[in-house]
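K.L.:
Okay, here's the structure, questions in a sec.
The values are calculated or read from the model by the stated rules, or taken from the named source; none is laboratory data. All figures in this text were calculated on a predicted structure; none of them were measured in a lab. Methodologically, a virtual Cβ is constructed for each residue, glycine included, from the backbone with ideal geometry; neighbour enumeration extends over all protein chains shown. All accessible areas refer to the heavy atoms of the entire protein, side chains included, with ligands and DNA or RNA removed. Shrake-Rupley method; radii C 1.70, N 1.55, O 1.52, S 1.80 Å.
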Amino acid sequence: MVEPRLAVGRGSIAGRDTFADALRIVAEVADHTAGQLVIRASGGVFTGDDAARMLAAGADTVEVYSAFVYRGWRVAAEINRGLLEVLGRQGLSSVNGLRRRQAARGRAR
């Protein structure tokens, strides 16, 4: 039973467990808005691969709050290094290339 005297407001779900849903939602919003909205992805991003997947799904920016909480400030540098590795593997010169690929796929549908 919930004790109403202890409630301080409404809660939310965050962290690694939300990544799959957040990724799906970003892709759906990107598909439906066709680049007309700026999309800020949030939910379970802990690695460069996670960030790359969010960007490829259509995000313009990626939040990493939970990663900061669980891994500390150094996680920003780790994610950046991971993004550089993804770019190298895919032969891209910037993260904008990830988004262009998604945009091209959206137009092809």
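K.L.:
Can you name the residue in the stretch 1-32 that is among the hydrophobic types (A, V, I, L, M, F, W, C) and loosely packed, with under 11 Cβ neighbours inside 10 Å and is also modelled with the highest pLDDT among such residues?
P.N.:
Among them, the one singled out is ILE13.
K.L.:
ARG105 - would you say it is surrounded by fewer than 16 Cβ atoms within 10 Å (Cβ to Cβ), touching a helix residue (DSSP H, G or I) at 6+ places or on another chain (Cβ under 7 Å) and at pLDDT below 90?
P.N.:
no
K.L.:
How about the stretch 15-103: which helices (runs of 4 or more DSSP H) wholly inside it have at least 3 residues that are free of Cβ contacts under 8 Å to residues at least 24 places away in the same chain?
P.N.:
Because the criterion is at least 3 residues that are free of Cβ contacts under 8 Å to residues at least 24 places away in the same chain, the helices (runs of 4 or more DSSP H) in the stretch 15-103 that meet it are 19-33, 65-71, 75-90.
K.L.:
Which ones in the stretch 22-39 are closer than 16 Å to ARG53 by Cα and of a type in the set (A, V, I, L, M, F, W, C)?
P.N.:
If the condition is that a residue be closer than 16 Å to ARG53 by Cα and of a type in the set (A, V, I, L, M, F, W, C), then ALA22, LEU23, ILE25, VAL26, ALA27, VAL29, ALA30, ILE39 are the ones that fit.
K.L.:
Collect the residues in the stretch 34-83 that are open to solvent by 30 Å² or more (accessible area, probe 1.4 Å) and of a type in the set (Val, Ile, Thr), keeping them in residue-number order.
P.N.:
Hits for the stretch 34-83 are VAL38, THR47, THR61, VAL62, VAL69.
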